[in-house]
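What follows is one structure encoded as structure tokens, with my remarks underneath.
The values are calculated or read from the model by the stated rules, or taken from the named source; none is laboratory data. Model, not experiment: these values are computed from the prediction. With ideal geometry, Cβ positions are generated from the backbone for all residues, glycine too; neighbour counts draw on all protein chains shown.
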Amino acid sequence: MPATFKTEAVVLRSIRFGEADRVLHLLSPEHGRIGAVAKGVRRVKSRLGGRLEPLGRVRLVLHQGRGDLCTITSADTVHAHPGLREHRASLEQATGACEAVLRLFDSAEANRPAYNLLCHHLALLDSHPESATRARSLAFRSKLVLAAGFAPELAACAACGEAEHLSGFSPAQGGVVCASCEAGSFAFGEEAHRFMVDALARPLAESPDADERALSQADRAISETVEHHAHVRFRRVA
């Protein structure tokens, strides 16, 4: 990474630092996770003020010094997503999406599919706040886990390859399992199975719906998959 570089990014988190600064956790399409400090941003006359709020999509100029944190020298707003901030459900879902990204991606390795997915999710919540449903949030997480390389096996038994009688889900095995291999698994109904398959196959804007029991099973499958294989813990989706 050059000493001074430009990038687009989503602000995942902002933390107060010192008297007037903030430390930002960013996701960039070219540089992955970036830690950066915005000096003086909390001062009334700061030229960066208002442009570096969490959930915003921004265009930045940063300087990489000797420390771990870059310094933001310039910031322009690409999309502030004001609409999603006007509704509690969409704000909570957007915050949860950024938190999931923070937990799952912790390196400077670029992951453009994950970045594009997050941007698309935030834009949908901004323009259609009524889409902030539990099903949409789980569809986003399913695609995020796929982008991270931890998507579970859903086409056949993860243990023996059997394509029928898939009645359980085993995080340790890495996906759905048949009745013969269900030791250590939890019940995973047909509707939950279909929901996860459709969530991965369809565009996020056309994500499927399911009843609460199926969504709870899908939530558990996603959460326990990343906990077992990525060693991170997601909060369950309300």
Open item on the list: Exactly one condition in (1) in contact (Cβ under 8 Å) with a residue 60 or more places away in the chain; (2) within 17 Å of THR225 (Cα to Cα) is false for SER170; which is it?
Closed with: (1)
TODO: Find the residue count for region 111-150, including only residues that are within 20 Å of ARG59 (Cβ to Cβ) and surrounded by 15 or more Cβ atoms within 10 Å (Cβ to Cβ).
DONE: 11
- [ ] Determine the pairs where a residue that is at negative phi and not assigned by TED's automatic domain parsing to the domain that holds PRO203, located within region 125-152, has a partner that is basic (Lys, Arg) and outside any helix (DSSP H, G or I) with Cβ atoms under 9 Å apart, the partner being 6 or more residues away or on another chain.
- [x] none
Task: HIS165 being surrounded by fewer than 16 Cβ atoms within 10 Å (Cβ to Cβ), over 20 Å from the mean Cα position of the chain (by Cα) and not assigned by TED's automatic domain parsing to the domain that holds LEU69 - done: yes
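Of the residues that make up region 3-17, is at least one out of contact with any strand residue (DSSP E or B) (no Cβ under 7 Å at 6 or more places or on another chain), surrounded by fewer than 18 Cβ atoms within 10 Å (Cβ to Cβ) and either among the hydroxyl-bearing types (Ser, Thr, Tyr) or over 20 Å from ASP106 (Cβ atoms) (or both)? Even if it seems obvious, please write down each step before you answer.
To start, the set of residues in region 3-17 that are out of contact with any strand residue (DSSP E or B) (no Cβ under 7 Å at 6 or more places or on another chain) comprises none.
No.
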Open item on the list: Just to verify a result, which residue in region 51-69, among those that are part of a loop (DSSP other than H, G, I, E, B) and among the hydrophobic types (A, V, I, L, M, F, W, C), is farthest from LEU118 (Cα to Cα)?
Closed with: LEU69
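For region 225-234, which positions are in contact (Cβ under 8 Å) with a residue 60 or more places away in the chain and part of a helix (DSSP H, G or I)?
THR225, VAL226, HIS229
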Open item on the list: I'd like the full set of residues that are closer than 19 Å to ARG141 by Cβ, touching a strand residue (DSSP E or B) at 6+ places or on another chain (Cβ under 7 Å) and of a type in the set (Asp, Glu), limited to region 152-207.
Closed with: GLU153
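Residue-by-condition table, conditions (1) in the same structural domain as HIS121 (by TED's automatic domain parsing); (2) part of a helix (DSSP H, G or I); (3) small (Gly, Ala, Ser); (4) touching a Pro at 6+ places or on another chain (Cβ under 7 Å):
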{"position": "ASP198", "(1), (2), (3), (4)": "yes, yes, no, yes"}
{"position": "ALA205", "(1), (2), (3), (4)": "yes, yes, yes, no"}
{"position": "ASP209", "(1), (2), (3), (4)": "yes, no, no, no"}
{"position": "ARG213", "(1), (2), (3), (4)": "yes, yes, no, no"}
{"position": "GLN217", "(1), (2), (3), (4)": "yes, yes, no, no"}
{"position": "ARG220", "(1), (2), (3), (4)": "yes, yes, no, no"}
{"position": "SER223", "(1), (2), (3), (4)": "yes, yes, yes, no"}
{"position": "ARG236", "(1), (2), (3), (4)": "no, no, no, no"}
Task: Only one of LEU55, LEU24, LEU60 that is touching a His at 6+ places or on another chain (Cβ under 7 Å) and crowded, with 18+ Cβ neighbours inside 10 Å - done: LEU55
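Identify, from the list SER90, SER14, SER46, the residue that is in a strand (DSSP E or B) and of a type in the set (Gly, Ala, Ser).
SER14
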- [ ] Take the residues in region 29-43 that are in a loop (DSSP other than H, G, I, E, B) and in contact with a helix residue (DSSP H, G or I) (Cβ under 9 Å, 6 or more places away or on another chain), then tell me which one is surrounded by the most Cβ atoms within 10 Å (Cβ to Cβ).
- [x] PRO29
